[in-house]
Amino acid sequence: MNRRGCGKVLAAALLLLLLQLGNSQAELNDSTLQLQRFRLNTLNATNVWSLPLPPLATVPQQPVKEADGHDAHLARSSIIYGLAEVANVSNVNAVCHAQLKHVQRGVLGKQPWAMKVLDASGSKSSGFVFGQNYWLGSRDACRAVQRPVGVTLSQNYERVMHYGLITQQAPFAMDYRVVYLSHSSPWQVEIKLMPEQVLHIGLCLPSACQSTEIKALTGDYLASSYMDNEVFELRPEVLYMKDLQLRQGFYDRPSFKLLAGAVLVTCAFMLCAQQLKVAKKLPPEGDDVDAGLAPVESEMWRALHSLLKWQPLQNFVSCYDVSSNWRKICAVRETSAQEIPLLNGVRSVCAIWLLVFHVFWYMYFTINNKAQLISYAEKFGLQYLSSAPLLVDVFFTISGFLQVYNFMRNTQQMEVVRQNGLLANAKLYGKLLFHRYLRIGPLYLIVMGSVDLAFAYIGDTSVYHIYDRFDELCAQHWWRNLFFIQNLFEHQEMCLNWSWSLACDMQFFLLANGVLFLYAKRPKLAKQVTISTLLASLVWSIGIGIKHNFEFSFDAFYATGSHIYTSSFVRVVPYIVGAIAAWRLHERKQQAKESKLSDRKERFYWHFSLVGFMICLFSTVKRDLGYLITILLFALGRVLFSMCICWMISRSSKGSGVWWSRLLEAPIFQHFNRLTYAIYLLNPLVISLVFSLTTASTHVDGFMMCVVACGFMMIVYLVSLVYSMAFELPYSNLSSLLMKRNSNNSKPKTT
């Protein structure tokens, strides 16, 4: 009896344990089982309303009063829930309406898949006052609604979570979309650098809902029922909506065909150059023409061998030799007496300096604390960074200096210009222009095609509102860039708006060559033209600044960009100062009037030029001086700035220097100097592309921004290396080859 009694008790205990485990397992998987009863084909049926709806939830229900309050709160605070609340058969299609209502019931019933939808959709974030307009939710969380999350969790640990968050999927197709709305809330700091008052609202929606329906529904809901609209007076207006899918016409764009063709042609020429190098090591005739080549290479070489015997073609193909170009771009050697070693360091440092500035400038459309970024930029300790656009004057000064210095140093060319007639000088002028275009044009056109293609891609797939749609601007205004006149138009209409300085430099090159040709024949008139242009530019700068109330504040600086910042007539001042400094240096060398300074004075002037350089950079620390004082400081300060640069260059050409100038003359800068043109063209593209492909807005933080800037330096350096090797050096080699041939052909005529 005791054994039977114990057995019964043990059996009863075991039965209770099994029942408990069964109940817990059923409780764990009940939501998944319930989900299987409500299939996608049921929701997509023709007669939606005749179908039975599933129970609201499989978890313990809340009291009715509390559920009503919960529902009312969600309807006014959650955008995705509010859309489901206001959706009806008159504003969305029937399937979309049924699925939105199912999302609503799932949220109220606390079903894991519906809670993931709620969590993946954006809602108002803190920081709105200082520019947090990115209510993006989570694109990855919306993907997790469609498929199980790839996370392996051990069963050895107890968790309070719902396991359906990992495994449960939506009963119908969902996708992530972004609605963009402009707002005019008085409770957000408005910088007016770009249209920053654009709300980005990410929504995890049923795929059956059409974008046009959601756009209208979102606008109606935010304007009427949304709680924060009343609090912050948003007054939203729907702009457009993205499904973040690449459009079909992407691969039909002319820029895609241009880039594909350029890459194929460049690779073919590089291959030919490699085969030509191999062929030169083989016997000139005989059966061993294909010796040392693989079978596929041998067949290719047989087809090209006869063609590559033509000497002009060999010379052209050799310009694409990869190993030779690599040695050129990495070469570090002792500078000759005719070179100015300081220029390598100055250009390299300024290029990197501008790159760091562009990191902060082109991330502006992705950051969620824009006002704080501007406040950082106005601090005294960061003026060297926020005033970095002034460094463009360094390049203009160097360009003007070298243009005049190299032209006047070429005594043979000066004599030819002096003896030539108008037609002959026009031909020589055209040759100089052709060679300059050949050196800078190919890389510029390839980068323009890359920008067009990249911005077409991010315009379709990025979660951000892209203000500068270069894909649209380049399609309309590419011819302006082709002729280097884009800076003569509004900066909002520029294709590659950072290329304004390249257009200015080309225009200054044309003007300088004309004045130099005039100087060869009538020196006095050329000097008068130069001084008159300098004075006229200064007077014009002051007048245009007064007219537009120019100030150093960022909003005024941006608003007057087309009239002051990108204007050729305003920006020509440093170029002319550099040209005058080069003329004076050449004249003093011709007259053997070398200035002799004591070591103490030499060091004093060197340090004084650096102090003057830094004073000009930090002169913007007070940004509300009034437009009259500001424009005088802007116009005259740039003259002082250029004079400091010219003094450094002139003294470096004579072998003078101090400890910090010797650092800038380090041989390593020879390598970086050869990449400055590619870095200048490519860094805004790389920075914009990287930031636009992120799925969450950026918060400006000092330490992390230093890390990010260092990362961009490395990325831009590597990209510039590839682009320069493929699309810059070959054409520079070709220009040198043509100039050498023309020089050899012209020697008998001149003698």
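Values as computed for the structure displayed
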{"quantity": "Leading residue by the ranking (nearest to Gly449 (Cα to Cα)) among those in the range 666-693 that are open to solvent by 50 Å² or more (accessible area, probe 1.4 Å) and of a type outside the set (Phe, Trp, Tyr)", "calculated": "Leu689"}
{"quantity": "Boolean, Val417 is hydrophobic (A, V, I, L, M, F, W, C), open to solvent by 20 Å² or more (accessible area, probe 1.4 Å), closer than 26 Å to Cys504 by Cα and in a helix (DSSP H, G or I)", "calculated": "no"}
{"quantity": "Among residues of the range 531-546, those that are crowded, with 16+ Cβ neighbours inside 10 Å and either in contact with a Gly (Cβ under 6 Å, 6 or more places away or on another chain) or among the polar types (S, T, N, Q) (or both), counted", "calculated": "3"}
{"quantity": "Hey, Leu438 closer than 24 Å to Val686 by Cβ, out of contact with any strand residue (DSSP E or B) (no Cβ under 8 Å at 6 or more places or on another chain), surrounded by fewer than 19 Cβ atoms within 10 Å (Cβ to Cβ) and of a type in the set (A, V, I, L, M) or not", "calculated": "no"}
{"quantity": "Flag if Val451 is out of contact with any His (no Cβ under 7 Å at 6 or more places or on another chain) and buried (at least 22 other Cβ atoms within 10 Å of the Cβ)", "calculated": "yes"}
{"quantity": "Residue, most open to solvent (accessible area, probe 1.4 Å), within the range 455-486, restricted to residues that are β-branched (Val, Ile, Thr) and in a helix (DSSP H, G or I)", "calculated": "Thr461"}
{"quantity": "Of all residues making up the range 68-94, the number that are surrounded by 21 or more Cβ atoms within 10 Å (Cβ to Cβ) and among the β-branched types (Val, Ile, Thr)", "calculated": "3"}
{"quantity": "Filter pass, Asp452 being part of a helix (DSSP H, G or I), more than 30 Å from Lys521 (Cα to Cα) and of a type in the set (Asp, Glu)", "calculated": "yes"}
{"quantity": "Top-ranked residue in the range 462-487 [being within 30 Å of Asp140 (Cα to Cα) and touching a Pro at 6+ places or on another chain (Cβ under 9 Å); ranked as modelled with the highest pLDDT]", "calculated": "His465"}
{"quantity": "Tally of residues being charged (D, E, K, R), modelled with pLDDT of 90 or more and within 27 Å of the chain's Cα centre (by Cα) across the range 546-604", "calculated": "1"}
{"quantity": "Meets criteria (under 30 Å from Gln248 (Cα atoms) and assigned to a helix (DSSP H, G or I)) for Gly381", "calculated": "no"}
{"quantity": "The range 705-734, subset open to solvent by 30 Å² or more (accessible area, probe 1.4 Å) and either in contact with a Gly (Cβ under 8 Å, 6 or more places away or on another chain) or aromatic (Phe, Trp, Tyr) (or both), residue farthest from Asp321 (Cα to Cα)", "calculated": "Tyr717"}
{"quantity": "Residue within the range 662-676 that is β-branched (Val, Ile, Thr), in contact with a His (Cβ under 9 Å, 6 or more places away or on another chain) and at pLDDT 90 or above present", "calculated": "no"}
{"quantity": "Total residues in the range 109-164, condition open to solvent by 80 Å² or more (accessible area, probe 1.4 Å) and part of a loop (DSSP other than H, G, I, E, B)", "calculated": "12"}
{"quantity": "Any hit, the range 502-520, residues being over 25 Å from Ile576 (Cβ atoms) and either surrounded by 18 or more Cβ atoms within 10 Å (Cβ to Cβ) or of a type in the set (Gly, Ala, Ser) (or both)", "calculated": "no"}
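Yes/no per residue for (1) part of a helix (DSSP H, G or I); (2) open to solvent by 40 Å² or more (accessible area, probe 1.4 Å):
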residue	(1), (2)
Phe172	no, no
Tyr180	no, no
Trp187	no, yes
Ile191	no, no
Glu196	no, no
Leu199	no, no
Cys209	no, no
Lys215	yes, yes
Thr218	yes, no
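The values are calculated or read from the model by the stated rules, or taken from the named source; none is laboratory data. All values derive from a computational prediction rather than experimental measurement. Methodologically, a virtual Cβ is constructed for each residue, glycine included, from the backbone with ideal geometry; neighbour enumeration extends over all protein chains shown. Keep in mind that these areas ignore ligands, DNA and RNA; they rest on the heavy atoms of the full protein, side chains included. Shrake-Rupley method; radii C 1.70, N 1.55, O 1.52, S 1.80 Å.
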